[in-house]
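First comes the structure, then the notes that go with it.
Derivation of every value follows stated rules applied to the coordinates shown; laboratory data play no part. Computed from a prediction, not measured in an experiment: that's the story for all the values here. For neighbour counting, all protein chains shown are included, and Cβ atoms are generated from backbone atoms with ideal geometry for every residue, glycine included.
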Amino acid sequence: MTSSSVPIYLGDEDLTQETRDLLSSLPSEKGWLVSQIYQFEGSWHTQGLVQGILNCQKNFKANDSDIILATTPKSGTTWLKALLFALIHRDKFPVSSKHPLLATNPHPLVPYLEADYRISPDVDFSELPSPRLMQTHLQHLSLPVSIKNSSCKIVYCCRNPKDMFVSLWHFGKKLTPQETADYPIEKSVEAFCQGKFIGGPFWDHVLEYWYESRKNPNKVLFVTYEELKKQTEVEVKRIADFIGCGFTAEKEVSEIVKLCSFESLSKLEVNRQGKLPNGIESNSYFRKGEIGGWRDTLSESLAEVIDRTTEEKFRVLSPLYVTFQAFVVMLRCWNPKDMFVSFWHFGKKLNRQETADYPIEKAVEAFCKGKLIAGPFWDHVLEYWYASLENPNKVLFVTYEELKKQTEVGGWRDTLSESLADAIDRTTEEKFGGSGLKFSC
């Protein structure tokens, strides 16, 4: 990997002794975008990025007002940088012929944390106007502690893995033509599905932020590229509300969406000619920006390989909330009393000691408060219920009771007292009130 063929932050020059010592102890693989990648904290990076991550973890001090854009590579980062910059600074820079995005590529306007720290361990972000906007490709595990412990906001965007892979593949061919020429696409798909690419594994990256968005929805907003493309104004308003920059005029929304659209940005001279400070050609970040564009590059068999990996990795979410374009979700839900009793007996068999010390009355109380693995039950069901009403061609809502109509349902009666059943019924009525969703038994 020559210094002239890759951006500065991916290079392997001027590494500290600390970084070299660490690299010597890390698993490494031949990369399909660069000559060598290293596994650090579960994710794969170049030598230079490992140094940048170490510096970032040690030295970055987050402010409570900071806004962090987190993405997997080639998942709408350029677009989100433009949108967030325009949202945050719209009072200072209203949409006009003098807007900074018309004269500057989005990337220099938003610092890339681990890349900037790769170049210097003493990066000073103190002069950035508040709220400071920064971007990272780090998985949640590797974020600086100050980001996790502060009240800053994280906007996370992911993309259909097939589109993400193809975008990364074409980006790599332009960036490092020799390395990708020696690495056929079949081998690249194999490496991608094994998670062995810069910033990978894709699925672990997505799942970490997905879980964080569920645990702490006031801190992490989970966005998909597909939804952002399909209903841009709706998603932009959701993002604006989340970061505290809500709109009062609809005109503002449409102006920002138009300013930051692929069609608008890709036609600007600043995004068509020249190179960025990192050494990458400006037009490398504007290829197609489509949903489903993977079909022009991947064979059916290669697409199936990625689909199988996605199904395997995301099965844990049963089903995955991240409904990428062309994915169909079927939700099966169950009467909460039967669901609780089944879970209770499962737990007794799995952890006899823990359940023995946890009486059923206390377990019902915790269940009604939503404090169980993957709870609250009612929020989970309602999200998919409303999604099935909004998009019946994408989400099929099925109840266990309808599936079992001709056999036994209501087995909860053998375990729950009338008062405990009433407690769950009251919670169900309260949570589902006005939704039109009801259970029998």
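For the reader, a short list of remarks on this structure follows.
- Projected label points at Arg426 and Phe346, each 7 Å from Cα along the beta carbon direction, are separated by 2.7 nanometres.
- Net charge contributed by nearby residues that have their C-beta within less than 14 Å of Val236 (K/R +1, D/E -1): +1
- Close amide H pairs (under 5 Å, H built 1.01 Å from N) link Leu396 with Val329, Met330, Leu331, residues at least 5 positions away or on another chain.
- Relative contact order of the range 7-87, defined on C-alpha pairs under 8 angstrom at six or more residues apart (%): 24
- The range 142-262 shape via C-alpha gyration tensor axes, a/c threshold 1.5: oblate
- Rounded to the nearest Hz, the phi-derived 3J(HN,Hα) couplings of the range 118-130 under the Karplus curve 6.51 cos²θ - 1.76 cosθ + 1.60 (θ = phi - 60°) are 5, 6, 8, x, 10, 4, 10, 9, 5, 7, 5, x, 8, where x marks glycine and proline.
- Full extension of the chain between Asn63 and Val234 gives 58.8 nm of extra length, using 0.36 nm per residue less the Cα-Cα distance.
- Remark on Gln36: its backbone amide H falls under 5 Å from those of Gly31, a criterion applied only to residues 5 or more positions apart or on other chains, H modelled at 1.01 Å from N.
- Between the beta carbons of Lys251 and Asn391, assuming R0 = 22 Å, the FRET efficiency works out to 0.20 to the nearest 0.05.
- Phi angles of the range 414-428 translate, via the Karplus equation with coefficients 6.51, -1.76, 1.60 and θ = phi - 60°, into HN-Hα couplings of 6, 10, 8, 6, 4, 5, 5, 4, 4, 4, 5, 4, 5, 5, 4 Hz per residue; Gly and Pro are given as x.
- In this simple spin-label model, placing a label point 7 Å from the Cα along the Cα-to-Cβ direction at both Leu268 and Phe125 gives a separation of 2.2 nm.
- Relative to the current alpha-carbon distance between Glu186 and Gln17, full extension at 0.36 nm per residue lengthens the span by 57.2 nm.
- Listed values for the range 134-147 are Karplus-derived 3J(HN,Hα) couplings in whole Hz (6.51 cos²θ - 1.76 cosθ + 1.60, θ = phi - 60°), namely 9, 10, 8, 9, 5, 5, 4, 3, 8, 4, x, 4, 5, 5, and x replaces Gly and Pro.
- Cα shape, the range 8-315, gyration tensor, a/c 1.5 rule: rounded
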